[in-house]
Amino acid sequence: MDKILIHGGHPLSGSIKISGSKNSALPILAATLLTREPCILRRVPDLSDTHYMLQILMHLGAQVERASGTVTVNAETIESIAPYEVVRKMRASVCVLGPLLGRCKEATVSLPGGCVIGDRPIDLHLKGFEALGAAVRVEGGNVKVFAPKLIGAIVSLTGKFGPTVLGTDNVMMAAVLAEGITVIEGAATEPEVVDLANFLIKMGAKIEGAGTRRLIIDGVKELHGAEHDVIPDRIEAGTFLVAGAIAGKGVTIKRVVPEHISSVTDALTACGYQIQCAENSITVSPNGTAQPIELATEPYPGFPTDMQAQMCALLSTTDGISVITENIFPQRYMHVAELKRMGAHMQLEGATAVIQGVERLLGAPVMASDLRASAALVLAGLKAEGQTEVSRVYHIDRGYEHLDEKLSELGAHIERMKG
Ligand code: EPZ
């Protein structure tokens, strides 16, 4: 297994281009199952998660071609069973359920496992499918959904932790081929949900309200092929902004949509960093002494849970007491123990982390555990004195396209050890 070595204390500067969004590409790749015609997707990031999704599509019978960031999918003839051996590697595989139900009126997908950020239920996904008239059976580790036909319905998809992103995606992808009108109340409004809706509309779907809590879908008989450019990855963008804050003297990220990460730039501004936004770039610079802050993760447009670990790394060396509350995945604190091994002072009180900023972190061997926790350890290593060795970097490769290479372009002393 590869490791990443970081020699801390070297300031970052310059600019990098942000890749296409993982969390947009995955459901959009699944949506290509909804048509017999070919679809062309550009700016699909080169990640293990997107590779897993392409494997699933091929296993289902689709033809897939990839040329750098452009992927062509032809799902003319497909089957509707995605077995454990292809699904087990990635929880987001669950988002093939909706398009398979929409296209084939049946689907069998292995249940997603839990993961280190907590239980990952899909009860709201299944509630949406049942509202559309599907029967749902969970047996032998698989979820089976089937319906003689899908009928539009009104359904709320908000649970005790708020809206569901992939649940909204899944039900929307089934509803576009249902008979009649579907109204999804309490829909997720993340930019990735909007990007999927825009792709479906290009395929001939009739969708209104994307980006609002109320989605209205008028089902059609069939969808046609389409071409689409995936939006920039706002979480990669936020991660690099935090890199620029923790160790930078002027870092610019390009090919971004500033409004997609305004909650992150607002938080960094509150911390005392200078943020300059242009049409599709953002520059972060130090601006005197950084300030501690209080943060809570919320559904979009609130502060994203996928940026919580990265902010923990930044605030661990920000003088004063900062408080972060994780409202989406209350257990999402695998990074805390590892940051403490680097000298961070933070205590967990339920879903809240109380962080006492320290003057310096010390490099240490640390272990990645999930995608964003791993990124947080790399960010801490940029600031720490000495060498930090991050193991199990396959977690990083799931969701960041060439993270070490991009940080190296900004001046980080970072190298990947093939293992
Ligand atoms: C998506 O996961 C993202 N993944 C996650 O990013 C992200 O953290 C999450 O949305 C929240 O923004 C992809 O888009 C591939 P949810 P998703 O359904 O859709 C509960 C990353 O690092 N819930 O919005 O699976 C759930 O337990 C990944 O890139 C139910 O209770 O998340 C959570 O507490 C990690 N029942 C909350 O809702 C359900 O049926 C939000 O989950 C579904 C979800």
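Could you list, in sequence order, the residues of the range 366-386 that are open to solvent by 30 Å² or more (accessible area, probe 1.4 Å) and out of contact with any helix residue (DSSP H, G or I) (no Cβ under 8 Å at 6 or more places or on another chain)?
Keep residues of the range 366-386 that are open to solvent by 30 Å² or more (accessible area, probe 1.4 Å), which gives 367, 383, 385-386.
Across the range 366-386, the qualifying residues are GLU385, GLY386.
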TODO: Mind telling me which of the residues GLU236, GLU227 ends up being among the acidic types (Asp, Glu) and under 19 Å from LEU403 (Cβ atoms)?
DONE: GLU236
Task: Of residues in the range 70-107 being at pLDDT below 95 and assigned to a helix (DSSP H, G or I), the one most open to solvent (accessible area, probe 1.4 Å) - done: TYR84
- [ ] Quick one: GLU405 ticks every box in (1) without any contact (Cβ under 8 Å) to a residue 60 or more places away in the chain; (2) within 16 Å of VAL116 (Cα to Cα); (3) open to solvent by 10 Å² or more (accessible area, probe 1.4 Å); (4) of a type outside the set (A, V, I, L, M, F, W, C) except a single one, so which number is it?
- [x] (2)
- [ ] Identify the single condition in (1) open to solvent by 60 Å² or more (accessible area, probe 1.4 Å); (2) over 28 Å from PRO232 (Cα atoms); (3) without any contact (Cβ under 8 Å) to a residue 24 or more places away in the chain; (4) more than 12 Å from the ligand (Cβ to nearest atom) that ALA135 does not satisfy, given that it satisfies every other one.
- [x] (1)
- [ ] List the number of the failed condition for TYR333; all other conditions in (1) away from the ligand (no atom under 16 Å from the Cβ); (2) under 22 Å from the mean Cα position of the chain (by Cα); (3) of a type in the set (Ser, Thr, Tyr) hold.
- [x] (1)
Task: Residue that is nearest to ARG103 (Cα to Cα), among those in the range 24-67 that are open to solvent by 10 Å² or more (accessible area, probe 1.4 Å) and of a type in the set (Asp, Glu) - done: GLU37
TODO: With respect to ILE28, determine if the residue is farther than 24 Å from LEU241 by Cα and in a helix (DSSP H, G or I).
DONE: yes
TODO: Report, ordered by the first and then the second residue, all pairs with beta carbons closer than 9 Å, sequence separation of six or more or different chains, a first member in the range 373-399 that is on the phi > 0 side of the Ramachandran plot, and a second member that is within 16 Å of the ligand (Cβ to nearest atom) and open to solvent by less than 10 Å² (accessible area, probe 1.4 Å).
DONE: ARG392/ALA368; ARG392/SER374
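The values are calculated or read from the model by the stated rules, or taken from the named source; none is laboratory data. As the structure is a prediction and not an experimental result, all values here were calculated from the model. No Cβ is skipped: glycine too gets one built from the backbone with ideal geometry, and neighbour counts run over all protein chains shown. When the accessible area is computed, the model is the full protein with side chains, heavy atoms only, and any ligands, DNA or RNA have been set aside. Shrake-Rupley method; radii C 1.70, N 1.55, O 1.52, S 1.80 Å.
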